[in-house]
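Chemist: Next up is a structure, given as structure tokens.
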Amino acid sequence: MLETKFEVKWEELKANYGGDSALAKPRLAFHGTTAANIESISTRGLLVPGSAAGVKHITDNGYYGKGIYLSPSYVRTHHQSQGPAFPSLSASC
């Protein structure tokens with residue numbers, strides 16, 4: 001399911017930016033969260049806090065405001081979330 005969502009988004013980015021554009025190329029990034037959130041993220045994907053029922057921002061408003069934070073560093077996401085970090089192949093800008 002997530003693989004299909006990824007492929008759809010990737011095709012959309014390639015169509016919008018051109019297949020050779022750096023903006024359309026997937027990048028490996030990590031998102032830190034608590035273990036309790038992993039099942040929901042695996043089935044629903046990463047959702048912006050407040051964008052869907054039951055999706056709330058429980059830590060703070062974030063440095064850049066409410067949103068989904070990813071990092072190329074596993075260590076940084078693990079430290080920031082005080083929980084596990086899992087890889088997220090990002091196809092979004």
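Each reported figure results from applying straightforward, stated rules to the coordinates on display, with no laboratory input. It should be emphasised that the depicted structure is a prediction, and the values quoted were computed from it without experimental measurement. Note that we place each Cβ from the backbone using ideal geometry, even for glycine, and neighbour counts take in every protein chain shown.
Chemist: In nm, give the distance between the simple-model label positions of Lys9 and Val55, each being 7 Å from the Cα along the Cα-to-Cβ direction.
Modeler: 1.0
Chemist: Using 0.36 nm per residue of separation minus the Cα-Cα distance, give me the extension gain between Glu39 and Arg27 in nm, one decimal. List each step's numbers first, then the result.
Modeler: Values: separation 12, 0.36 × 12 = 4.32 nm, distance 2.22 nm.
Difference between extended and current length: 2.1 nm.
Chemist: Now for a separate question. First select every other residue whose beta carbon is under 14 angstrom from the beta carbon of Leu13; then total the charges, Lys and Arg +1, Asp and Glu -1. Could the numbers behind the result be given before it?
Modeler: Values: positive: Lys5, Lys9, Lys14, Lys25, Arg27; negative: Glu7, Glu11, Glu12, Asp20.
Local charge sum for Leu13: +1.
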